[in-house]
Amino acid sequence: MFQLQLEEVNKLFTITSAEFKFEEINNEPQVSSSEKNFPWEEMTGKQKKATKISLEAMRDYFNWDYLKEKMPFRNSGLNKLVDKHDFQLLPLETYLWNTANSNISLRKIAQEKQVPLEKIQQTALSMIFAGLLEEVSIINMPMKTTKYSIASSSKSNFADINNTNISNNQPKISNSLLSNLIAFLRKHF
Amino acid sequence: MEILKIAVTGNVGAGKTTFIRTISEIEVVDTERRITDEKIASWKENTTVALDFGRLTLNSEQIVHMYGTPGQARFDFMWDIILNKVHAYILLVAVHRPQDFRGARRILTYINQRVQIPMIIGLTHTDCEGAWQKDDVILALGLTNQNIDLPVVDVNAENPNSVAQCLLTLLEQWQPKPTT
């Protein structure tokens, strides 16, 4: 019964322009005002996360023409938004999951898997919508990081900017400048 | 001479040039040109093609420089040039243009990949029709699921007090966080 209901939900993804509002059932003993309108007699007691439903529905039902502008760029990579998940992924989705965080572009993945780039972009986007992945820019140049850490002086009010891996052309900023800037902004604005 | 360098970034129309103009003691170097992107040109005439530059002189030895980055994607290569030069970042997001949130999120991820420097997010156009609520913007920018702990403040780029308050919030990022 629940599966049949899901089939109907999946078909909603064929609608080209719509807005849906999902309401959660409270675990409170009292029925809330919004819950009074729920179709209780049709409900089976089973539940599924909206993100899982969207991922599954987008595999079969979605008209991707409407999301052309939302597609991740071909030169972008993917990063994981969560460490673990309990989604049942298809082979291509599993591949994208496993290659995430590795600075590989979607174009390269398409070449390696010999799958059309468009299909890779669509799969990536459905996983982005499901909250599993996010699109990231691929770093083309050596990574340079700047870190700021707590100043060693106990008198200091500010963390000190200490460059770790970055080139030396970025000078430190003194606590004096930061304090003077605060005073300046408070006085003049 | 000691110079604090702050970059102001964001999508086209987020208010970067206005932000710098509002607080700068000098006339901001005008690098605005007629927009060539037809879509953007329908709602904004000019955009920044190089760096906007503003300045605040604290005293004879200490100065603040502010750089506004170009908003159009084809100038993204300039970010790397700026990222290695600045001490802090302000990302402006126009909350009445949800179609730009993805771009803002991309900028945010891009910066976080490269540098760990003080940064805040300024929400602009909060009084415009169709403006999103702060919590919704935070969600759209992925700040909750990326575990990014960034201050998010409302800012009116045309109001000197509001811009100054935004800078003060940025300066708070230098203050050491209490150890647990």
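The values are calculated or read from the model by the stated rules, or taken from the named source; none is laboratory data. Keep in mind it's a predicted model, so treat the numbers as computed, not measured. As a convention, Cβ positions derive from the backbone with ideal geometry for all residues, glycine included, and neighbour counts pool all protein chains shown.
The table that follows gives values for the structure above.
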item	result
Options A:Asn101, A:Asn79; residue that is loosely packed, with under 15 Cβ neighbours inside 10 Å and out of contact with any helix residue (DSSP H, G or I) (no Cβ under 7 Å at 6 or more places or on another chain)	A:Asn101
Where B:Gly103 falls short, out of the listed (1) surrounded by 19 or more Cβ atoms within 10 Å (Cβ to Cβ); (2) outside any loop (DSSP other than H, G, I, E, B); (3) more than 9 Å from chain A (Cβ to nearest Cβ)	(1)
Residues located in the range B:142-180, provided they are at pLDDT 85 or above and part of a loop (DSSP other than H, G, I, E, B)	B:Pro151, B:Val155, B:Asn156, B:Ala157, B:Glu158, B:Asn159
Residues (at pLDDT below 85, within 21 Å of B:Cys166 (Cα to Cα) and within 14 Å of another protein chain (Cβ to nearest Cβ)) located in the range B:14-62	B:Glu25
Within the range B:1-13, tally of residues that are away from chain A (no Cβ under 14 Å) and at pLDDT 90 or above	1
Cβ pairs under 7 Å, 6+ apart, first in the range B:168-180 and surrounded by 13 or more Cβ atoms within 10 Å (Cβ to Cβ), second part of a loop (DSSP other than H, G, I, E, B) and modelled with pLDDT of 80 or more	B:Thr169/B:Pro151; B:Leu170/B:Pro118; B:Gln173/B:Pro118; B:Trp174/B:Pro118
Within the range A:63-83, tally of residues that are facing another protein chain (nearest Cβ under 10 Å), over 15 Å from B:Arg102 (Cβ atoms) and either over 13 Å from the mean Cα position of the chain (by Cα) or free of Cβ contacts under 8 Å to residues at least 40 places away in the same chain (or both)	0
Any hit, the range A:26-47, residues being outside any loop (DSSP other than H, G, I, E, B), in contact (Cβ under 8 Å) with a residue 60 or more places away in the chain and not aromatic (Phe, Trp, Tyr)	no
Test: residue in the range B:128-141 that is touching a residue at least 60 places away in the same chain (Cβ under 8 Å) and crowded, with 22+ Cβ neighbours inside 10 Å	no
